[in-house]
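K.L.:
For reference, the structure I am asking about is given below.
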Amino acid sequence: MSKKTVRDIDLKDKKVLVRCDFNVPMDENQNITDNRRIVAALPTIKYLLEQNCKITLCSHLGRPKGEFKKEFSLVPVAKELSKLLNKEIIMAKDVIGEDAVSKANNLKNGEILLLENLRFHREETDNDPEFSKKLSNYGEIFVNDAFGTAHRAHASTEGVTHYLPAVSGFLIEKELKFLDEALQNPERPFMAILGGSKVSDKIGVIESLINKVDAILIGGGMAYTFLKALGYNVGNSLCEDDKINLAMELMEKAKEKGVKFMLPVDNKIAKEFKADAESKIVPSAEIPDGWQGLDIGPETVKLYAEELKNAKTIVWNGPLGVFELEKFAIGTNEIAKVLGDIDAVKIIGGGDSASAVEKAGVAEKMTHISTGGGASLEFLEGKKLPGIEALLDN
């Protein structure tokens, strides 16, 4: 790894500020429904405890847009973390206010303080230098372990690095290792499964992957822009008409490079976007007017499964249907199960794809499940991630 990690710096008895990604889903009673991101932060926190550090943790949660909102408080995270570490977590009532500063000043070696939600301050997302400087007072060293926000230049990811020596935690190290190895030196055949609703969200990824993979398997809403580019009628399916020429160009480019570009051969369609909508399976060339494609069909699942069986490296980003509606999550779930049976390096790019492998009970059979959907997407595009670039070079 080209960036320094917590292993490469003397942390003994130091005051350390750690940026974590505790942006976890909660129900209406503020019960955490998926603690994966908290669990992912444990190796770094435990290492800092072994070094006898004074640890101040910070994170965002949701999008409170610069004001205090109780439903976005990190108090439930402190409780969950305390349970997982079997250790008291001191919870601050604010981020840079009196309570947080006083608790940080009284912190003893081996103690952990969690600041309130960083995004209760607009200055966090504005990467405000004054706010960054105040955050930097919580540490002599800054550790970034929030891969999920590494693609954002915020005060707690990039701003603080102007005031403190910055290194990565074990989670960022692990994320970069798997994603980098998959892109730079994959075992072949190397295949990418790309889903999600819009081609526009994935242009950069498709362009980048065409130069690296042997096959691209497309699903989700964006498939219909490609199908329309081939001259098919897509009914009321999600389609970006202004991206049809681009879709054609991408398919041409794949052909030139000898990359197999696979589209759904059948679809589960419905008259409306509803959980209990009337639905049926039709071939891709036969979507009638007034109907919309909401999932890949069983023939597509079979076709993709056959192709994926030959793969030695697989990267998956984005659902293959309307994953939030059970009726239209079948294609995504079936492909997740297929991956469970394949002997290959399997990297899941966060978000709904991560939920799908979890739901299918095959999460432990994946090589790596990324904690950052957006960040892993930008990494696959070959973009520089500000939160990573700002760390000390090895």
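The values are calculated or read from the model by the stated rules, or taken from the named source; none is laboratory data. None of the values given here were measured: they were computed from a predicted structure. Glycine gets a Cβ as well: all are built from the backbone with ideal geometry, and neighbour counts include every protein chain shown.
K.L.:
Could you please find all residues in region 317-354 being among the charged types (D, E, K, R) and more than 22 Å from THR367 (Cα to Cα)?
P.N.:
If the condition is that a residue be among the charged types (D, E, K, R) and more than 22 Å from THR367 (Cα to Cα), then GLU324, GLU326, LYS327 are the ones that fit.
K.L.:
Please find, within region 93-122, the residue that is surrounded by the fewest Cβ atoms within 10 Å (Cβ to Cβ) out of those that are in contact with a Lys or Arg (Cβ under 9 Å, 6 or more places away or on another chain) and acidic (Asp, Glu).
P.N.:
ASP99
K.L.:
Can you find a residue in region 39-47 that is in the same structural domain as SER156 (by TED's automatic domain parsing), of a type in the set (Phe, Trp, Tyr) and assigned to a loop (DSSP other than H, G, I, E, B)?
P.N.:
No, that holds for no residue.
K.L.:
Can ILE206 be described as within 25 Å of PHE379 (Cβ to Cβ), β-branched (Val, Ile, Thr), in a helix (DSSP H, G or I) and in the same structural domain as LEU308 (by TED's automatic domain parsing)?
P.N.:
Yes, satisfied.
K.L.:
Let me ask something additional. Restricting to region 345-361, name every residue that is surrounded by fewer than 18 Cβ atoms within 10 Å (Cβ to Cβ) and either touching a strand residue (DSSP E or B) at 6+ places or on another chain (Cβ under 9 Å) or β-branched (Val, Ile, Thr) (or both).
P.N.:
Answer for region 345-361, where residues must be surrounded by fewer than 18 Cβ atoms within 10 Å (Cβ to Cβ) and either touching a strand residue (DSSP E or B) at 6+ places or on another chain (Cβ under 9 Å) or β-branched (Val, Ile, Thr) (or both): just GLU358.
K.L.:
A further question follows. Are there any strands (runs of 3 or more DSSP E) wholly within region 268-343 with 2 or more residues that are out of contact with any Asp or Glu (no Cβ under 9 Å at 6 or more places or on another chain) and assigned by TED's automatic domain parsing to the domain that holds LYS212, and if so which?
P.N.:
Result: 292-296, 313-317.
K.L.:
Collect the residues in region 114-130 that are within 26 Å of the chain's Cα centre (by Cα) and either more than 23 Å from ILE89 (Cα to Cα) or not in a loop (DSSP other than H, G, I, E, B) (or both), keeping them in residue-number order. Walk me through how you get there before you give the answer.
P.N.:
Pass one, region 114-130, residues within 26 Å of the chain's Cα centre (by Cα): 114-128.
Selection gives LEU114, LEU118, ARG119, PHE120, ARG122, GLU123, GLU124, THR125, ASP126, ASN127, ASP128.
K.L.:
From (1) touching a helix residue (DSSP H, G or I) at 6+ places or on another chain (Cβ under 8 Å); (2) at negative phi, pick out the condition that doesn't hold for GLY382.
P.N.:
Of the numbered conditions (1) touching a helix residue (DSSP H, G or I) at 6+ places or on another chain (Cβ under 8 Å); (2) at negative phi, the odd one out for GLY382 is (2).
K.L.:
ARG188 is checked against (1) in a helix (DSSP H, G or I); (2) surrounded by fewer than 16 Cβ atoms within 10 Å (Cβ to Cβ) and fails just one. What number does that condition carry?
P.N.:
Result: ARG188 fails condition (1) only.
K.L.:
Inspect all residues belonging to region 360-379 and state whether any of them is farther than 30 Å from VAL18 by Cβ and either under 14 Å from the mean Cα position of the chain (by Cα) or of a type in the set (A, V, I, L, M) (or both).
P.N.:
Yes: region 360-379 contains one or more residues that are farther than 30 Å from VAL18 by Cβ and either under 14 Å from the mean Cα position of the chain (by Cα) or of a type in the set (A, V, I, L, M) (or both).
K.L.:
Taking the conditions exactly as written (touching a residue at least 40 places away in the same chain (Cβ under 8 Å), buried (at least 19 other Cβ atoms within 10 Å of the Cβ), in the same structural domain as PRO25 (by TED's automatic domain parsing) and within 16 Å of SER353 (Cβ to Cβ)), does GLY148 satisfy them or not?
P.N.:
The answer is yes for GLY148.
K.L.:
VAL213 - would you say it is part of a loop (DSSP other than H, G, I, E, B), of a type in the set (A, V, I, L, M, F, W, C) and within 22 Å of THR313 (Cα to Cα)?
P.N.:
In short, yes.
K.L.:
Moving on to the next point. Evaluate region 162-180: report whether one residue or more is in a helix (DSSP H, G or I), surrounded by fewer than 16 Cβ atoms within 10 Å (Cβ to Cβ) and either within 24 Å of the chain's Cα centre (by Cα) or among the hydroxyl-bearing types (Ser, Thr, Tyr) (or both).
P.N.:
yes
K.L.:
Being surrounded by 18 or more Cβ atoms within 10 Å (Cβ to Cβ), more than 16 Å from the chain's Cα centre (by Cα) and of a type in the set (S, T, N, Q), is that true of even one residue in region 322-332?
P.N.:
yes
K.L.:
Residues of region 235-253 being crowded, with 20+ Cβ neighbours inside 10 Å and closer than 18 Å to PHE190 by Cβ, which ones?
P.N.:
LEU250
K.L.:
Can you name the residue in region 378-394 that is surrounded by 16 or more Cβ atoms within 10 Å (Cβ to Cβ) and acidic (Asp, Glu) and is also farthest from TYR163 (Cα to Cα) among such residues?
P.N.:
GLU381
K.L.:
Has region 224-231 got at least one residue that is surrounded by fewer than 19 Cβ atoms within 10 Å (Cβ to Cβ) and either more than 28 Å from GLU378 (Cα to Cα) or of a type outside the set (S, T, N, Q) (or both)?
P.N.:
Looking through region 224-231, at least one residue is surrounded by fewer than 19 Cβ atoms within 10 Å (Cβ to Cβ) and either more than 28 Å from GLU378 (Cα to Cα) or of a type outside the set (S, T, N, Q) (or both).
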